[in-house]
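Asker: Once you've had a glance at the structure underneath, I'll fire off some questions.
The values are calculated or read from the model by the stated rules, or taken from the named source; none is laboratory data. No experiment lies behind these values; they were computed from the predicted model shown. All Cβ positions, glycine included, derive from the backbone under ideal geometry; neighbour counts span all protein chains shown.
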Ligand code: UDP
Ligand code: MG
């Protein structure tokens, strides 16, 4: 038994076509359609009830709660099937893809209808919409290493086994329920099935620009949940100890070993002090910040940590030079450069050294 969950808000004119195409696509399956409607002014719920005479449709009309994710979660609670499919009502998600998702589930726990794997695409989007969409996904994949292999982790069209979300505490805030499931769900394998995100059949979109900010907030919440924010703070603390190590050894070398004088001596002292600071930071990050992620051999971790330091330094210099061109004070420019370098170093270490 398959439960198809369709959240709706003012989708009255789409339902008949949607149900017809689902029933054609799923002739060989046993299924139910669960429409979760937030008391739409156009009475989508009424139309759905009417159509339940001809199609296996159940209608949930919510009058108190609102929101896309919470509607899907409600659908999960009501669903009787062993497999759940989530899709939009406006036919931008072609029902003909559902059997492909179900086939994919034979070897996976979650099957995503994906716009961004080979063979998938988006119809009629301006280039800037594509850039925003892909940029947002890229930020998500970098911020949340767990999903970095997934090309379309924010798709609204997917299928999963009941166990993936059963007894999982999903946050109902936000629009990207798939992201929430990919972070918190119980699963081991995800596959992506290409599809073409088409045009709306009728009605208009409810999702606007304010979603970008909500998405970033959602990412932040999930990063906290994953412990990535804690890691970032630990990395910052370790970085601070590195400053002291660096300063101390520079002082030691200059005062006690090389003596004051030739600038080459200062440079050598500086390079040695920097290297000792890097070793200090590596040690604490390895034993503390990333202690659960020590998978690569020690020499590789050490090498990659140096690579991250070098990448960070280059970023710092490039930003410094660019900001100088804009007439920004060199100390401010350096501070901003250090900030960027810090984030870059964290990310390279998180994804490569302890990836
Ligand atoms: N939707 C919903 N509640 C909301 C917003 C959207 O149930 O608060 C439903 C909507 O009816 C549609 C799906 O979520 O079935 C996707 O919304 P929409 O098509 O407006 O988003 P877009 O495809 O433009 O991103
Ligand atoms: Mg839509």
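Asker: Just the residues that are more than 13 Å from residue 110 (Cβ to Cβ) and under 9 Å from the mean Cα position of the chain (by Cα), please, taken from the range 153-162.
Answerer: Scanning the range 153-162 gives a single hit, 154.
Asker: I'm trying to understand the selection: among the residues of the range 76-113, which are crowded, with 23+ Cβ neighbours inside 10 Å, under 19 Å from the mean Cα position of the chain (by Cα) and more than 15 Å from ligand 1 (Cβ to nearest atom)?
Answerer: 110, 111, 112
Asker: Of these, 13, 46, which one is part of a helix (DSSP H, G or I) and within 16 Å of ligand 2 (Cβ to nearest atom)?
Answerer: Values: 46 fails: within 16 Å of ligand 2 (Cβ to nearest atom).
Going through 13, 46 in turn, the sole match is 13.
Asker: Output the number of the condition that residue 246 fails; it satisfies all remaining conditions of (1) in contact (Cβ under 8 Å) with a residue 24 or more places away in the chain; (2) closer than 30 Å to residue 44 by Cβ.
Answerer: Answer for residue 246: the failing condition is (2).
Asker: So which of 346, 305 ends up being at pLDDT 95 or above and within 23 Å of the chain's Cα centre (by Cα)?
Answerer: Just one listed residue meets the conditions, 346.
Residues are listed down the side, and each one gets a yes or a no for (1) over 19 Å from residue 156 (Cα atoms); (2) in contact with a helix residue (DSSP H, G or I) (Cβ under 7 Å, 6 or more places away or on another chain):
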{"position": "4", "(1), (2)": "no, yes"}
{"position": "8", "(1), (2)": "no, yes"}
{"position": "13", "(1), (2)": "yes, no"}
{"position": "19", "(1), (2)": "no, yes"}
{"position": "22", "(1), (2)": "no, yes"}
{"position": "31", "(1), (2)": "yes, no"}
{"position": "42", "(1), (2)": "yes, yes"}
{"position": "47", "(1), (2)": "yes, yes"}
{"position": "53", "(1), (2)": "yes, no"}
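Asker: Determine, yes or no, whether residue 35 is in a helix (DSSP H, G or I), touching a helix residue (DSSP H, G or I) at 6+ places or on another chain (Cβ under 6 Å) and within 16 Å of ligand 2 (Cβ to nearest atom).
Answerer: On the way: in a helix (DSSP H, G or I): no; touching a helix residue (DSSP H, G or I) at 6+ places or on another chain (Cβ under 6 Å): yes; within 16 Å of ligand 2 (Cβ to nearest atom): yes.
No.
Asker: Just to be sure I understand the filter: pairs with C-beta atoms under 7 Å, separated by 6 or more residues or on different chains, first member in the range 169-191 and without any contact (Cβ under 8 Å) to a residue 60 or more places away in the chain and within 11 Å of residue 222 (Cβ to Cβ), second member more than 16 Å from ligand 2 (Cβ to nearest atom) and assigned to a loop (DSSP other than H, G, I, E, B). Which pairs pass?
Answerer: 179/153; 183/144; 184/168; 184/170
Asker: Among the residues of the range 273-299, write down those that are without any contact (Cβ under 8 Å) to a residue 24 or more places away in the chain and out of contact with any helix residue (DSSP H, G or I) (no Cβ under 7 Å at 6 or more places or on another chain).
Answerer: 275, 279, 283, 287, 291, 292, 297, 298, 299
Asker: Moving to a separate point now. Could you please let me know if residue 124 is exposed (fewer than 13 other Cβ atoms within 10 Å of the Cβ), away from ligand 2 (no atom under 16 Å from the Cβ), over 18 Å from residue 214 (Cβ atoms) and touching a residue at least 12 places away in the same chain (Cβ under 8 Å)?
Answerer: Considered against the rule, which asks whether it is exposed (fewer than 13 other Cβ atoms within 10 Å of the Cβ), away from ligand 2 (no atom under 16 Å from the Cβ), over 18 Å from residue 214 (Cβ atoms) and touching a residue at least 12 places away in the same chain (Cβ under 8 Å), residue 124 comes out as no.
Asker: Quick one: in the range 187-209, which of the residues that are loosely packed, with under 14 Cβ neighbours inside 10 Å and more than 16 Å from ligand 2 (Cβ to nearest atom) is nearest to residue 98 (Cα to Cα)?
Answerer: The qualifying residue nearest to residue 98 (Cα to Cα) is 189.
Asker: Is it the case that some residue within the range 74-86 is closer than 20 Å to residue 201 by Cα, in a loop (DSSP other than H, G, I, E, B) and at pLDDT 95 or above?
Answerer: Within the range 74-86, not a single residue is closer than 20 Å to residue 201 by Cα, in a loop (DSSP other than H, G, I, E, B) and at pLDDT 95 or above.
Asker: Can you tell me how many residues within the range 87-119 are in a loop (DSSP other than H, G, I, E, B) and either at positive phi or within 16 Å of ligand 2 (Cβ to nearest atom) (or both)?
Answerer: Step one: filter the range 87-119 for residues in a loop (DSSP other than H, G, I, E, B), giving 87-94, 108-109, 115-119.
Remaining after also requiring either at positive phi or within 16 Å of ligand 2 (Cβ to nearest atom) (or both): 87-94, 115, 119.
Within the range 87-119, residues that are in a loop (DSSP other than H, G, I, E, B) and either at positive phi or within 16 Å of ligand 2 (Cβ to nearest atom) (or both) number 10.
Asker: So which residues in the range 27-45 are within 15 Å of ligand 1 (Cβ to nearest atom) and either without any contact (Cβ under 8 Å) to a residue 12 or more places away in the chain or within 19 Å of residue 82 (Cα to Cα) (or both)?
Answerer: Scanning the range 27-45 gives 33, 34, 35, 36.
Asker: Going through 183, 177, 212, 150 one at a time, which residue ends up being within 16 Å of ligand 1 (Cβ to nearest atom), under 17 Å from the mean Cα position of the chain (by Cα) and under 28 Å from residue 83 (Cβ atoms)?
Answerer: Being within 16 Å of ligand 1 (Cβ to nearest atom), under 17 Å from the mean Cα position of the chain (by Cα) and under 28 Å from residue 83 (Cβ atoms) holds for just one of 183, 177, 212, 150, which is 177.
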